[in-house]
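Novice: The structure under discussion is supplied below as structure tokens; questions concerning it will follow.
The values are calculated or read from the model by the stated rules, or taken from the named source; none is laboratory data. Here the structure is a predicted model, which is why all the values come from computation and not from measurement. As a convention, Cβ positions derive from the backbone with ideal geometry for all residues, glycine included, and neighbour counts pool all protein chains shown.
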Amino acid sequence: MAELKTPHLTNIQMWQAWKEHGDIEAKKGLIEHYLPLVDYVTNRMAIGLPKNVLRDDLASNGVMGLIDAIEKFDYMRGLQFETYASWRIRGAIIDGLRQGDWVPRSVREKAKRVEDAYQLLEQQYMRTVTDTEISQYLGVSEREFATMLQDISVATICSLEDPIREEESETRMSLLIDDKAKNPDYKVHEYYLKESLVKGIERLTEKERIVVSLFYYEELSLSEIAEVMSLSPSRISQLHSKAILRLRGVLAKHKEQLLQH
């Protein structure tokens, strides 16, 4: 995690000054203190994106996400700001990418084709399908399939939550939901969502599970994972893309089941 800067006021003093008295200098102090979070999230998301996507553009959107987080965060709830801010920063960067249309329609369509193929075949066979089976279904060679995965890596690098609630812009706000206030429907949906994710993760190959674990839980970059697993960064990117597309297929099925109830 990024190393945060330490201002002359304590963290809680700055939050109190900003939230209770509207102290703009305290707000500036909070922004400066948490700026390393923007660098941290930006660096992680920049990997795998096209070269025409400038890191400075990602960082600029990330700063806007940080400011938004500072303005909306309720420090009195005892929640960890770093977690909430990281999601806000990530969300602002993703929104910026979408608005800039950095992901061409052809890439999105290609990603959807592969996702649908995983969903259909793995539901049909009730097991993890191989690259050969996917390639045959798509009518391409395995080499062409590998190239497709490389092409759509930009569409899979953003977020695991996107396919779950893509139509809900406030998904990231769920981090602030009071556990005690969860209604029965929410708990039921949460239970089946977790169950679906468990089943989806079980369908991943061993290498795909390792990549997902190291990227999302150990928070290593794809280049760091490549070193750990002694594979090329492009191979890690392919494994990541396949893992996310498998999971998106499972989660799409989960959404269909929710709509039926």
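Novice: When you check Leu58 against the structure, is it at pLDDT below 90 and surrounded by 14 or more Cβ atoms within 10 Å (Cβ to Cβ), yes or no? Break it down into steps so the answer makes sense when it comes.
Specialist: Details: at pLDDT below 90: yes; surrounded by 14 or more Cβ atoms within 10 Å (Cβ to Cβ): yes.
Answer is yes for this residue.
Novice: Considering only region 32-55, I want to know if a residue exists there that is part of a helix (DSSP H, G or I), among the β-branched types (Val, Ile, Thr) and at pLDDT below 85. Spell out how you get there, then give the answer.
Specialist: We begin by selecting, within region 32-55, every residue part of a helix (DSSP H, G or I); these are 32-46, 55.
From what is left, the residues that are among the β-branched types (Val, Ile, Thr) are 38, 41-42.
Of the ones still in play, those that are also at pLDDT below 85 are none.
No, region 32-55 contains no residue that is part of a helix (DSSP H, G or I), among the β-branched types (Val, Ile, Thr) and at pLDDT below 85.
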